[in-house]
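Visitor: Sharing a structure with you now.
The values are calculated or read from the model by the stated rules, or taken from the named source; none is laboratory data. Just so it is clear, the model here is predicted, and its values are computed rather than measured. Quick reminder, even Gly has a Cβ in these numbers, built from the backbone with ideal geometry, and neighbours come from all protein chains shown. Note: areas computed on protein heavy atoms with side chains; ligands, DNA, RNA excluded. Shrake-Rupley method; radii C 1.70, N 1.55, O 1.52, S 1.80 Å.
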Amino acid sequence: MNIADGKLQPAERQAQAGDRIIAAILGSDGTVYLRQAVVVRTWSDTCVNAIAFLDGSNDAALGGSQTQHTKWLTSIIYEPGEIHPGTFYWPGD
C-alpha cells in the first residue's frame, strides 16, 4: 500500500487464478484472523475465490482440525486498509 495525504492507497495489482499468495481476513465469534490463501477464481479486479490455509486444530473456530487444513473462501473482496472478515489484501500492501 502507498500512503498519500495520510490515507492508504491500494497498490496497482489485479488478482488472477493461480496467482501468488494473498492475505485473507477470516472471522469467528467477533475475532479476526489473518491467514494465507491462494486465488483459485477471479470474478473481477476486486473479487476472488480462494483457498485459505488453516493451522489445523489451532484454527478450530474457523473449521480447522487435524484433518481439515484448508477453508474455501468465496467472493472475498479486495479492500485495502480494511480489516474485517470476507476481505483480502496483497502481502506487502
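Visitor: Within region 52-67, is even one residue at pLDDT 90 or above and in a strand (DSSP E or B)? Explain how you work it out, then say what you get.
Guide: Step one: filter region 52-67 for residues at pLDDT 90 or above, giving 52-54.
Filter once more, keeping what is in a strand (DSSP E or B): 52-53.
Checking region 52-67: at least one residue is at pLDDT 90 or above and in a strand (DSSP E or B).
Visitor: Which members of region 18-72 meet the condition of being of a type in the set (S, T, Y) and either farther than 18 Å from E82 by Cα or open to solvent by 50 Å² or more (accessible area, probe 1.4 Å) (or both)?
Guide: If the condition is that a residue be of a type in the set (S, T, Y) and either farther than 18 Å from E82 by Cα or open to solvent by 50 Å² or more (accessible area, probe 1.4 Å) (or both), then T31, Y33, T42, S44, T46, S57, S65, T67, T70 are the ones that fit.
Visitor: Then there's this: What about G6, is it modelled with pLDDT under 60 and more than 28 Å from N58 (Cα to Cα)?
Guide: Criteria met by G6.
Visitor: From P85, P91, which residue is open to solvent by 40 Å² or more (accessible area, probe 1.4 Å), part of a loop (DSSP other than H, G, I, E, B) and either of a type in the set (V, I, T) or modelled with pLDDT of 85 or more (or both)? Full working, then the answer.
Guide: Numbers: P91 fails: either of a type in the set (V, I, T) or modelled with pLDDT of 85 or more (or both).
Testing whether each residue is open to solvent by 40 Å² or more (accessible area, probe 1.4 Å), part of a loop (DSSP other than H, G, I, E, B) and either of a type in the set (V, I, T) or modelled with pLDDT of 85 or more (or both) leaves just P85.
Visitor: Please enumerate the residues belonging to region 67-93 that are more than 19 Å from R20 (Cβ to Cβ), touching a residue at least 12 places away in the same chain (Cβ under 8 Å) and of a type in the set (S, T, Y).
Guide: Scanning region 67-93 gives T74, S75.
Visitor: Continuing with this model, one more query. Can you pull out the residues in region 53-66 that are on the phi > 0 side of the Ramachandran plot and either under 12 Å from the mean Cα position of the chain (by Cα) or touching a residue at least 12 places away in the same chain (Cβ under 8 Å) (or both)?
Guide: G56
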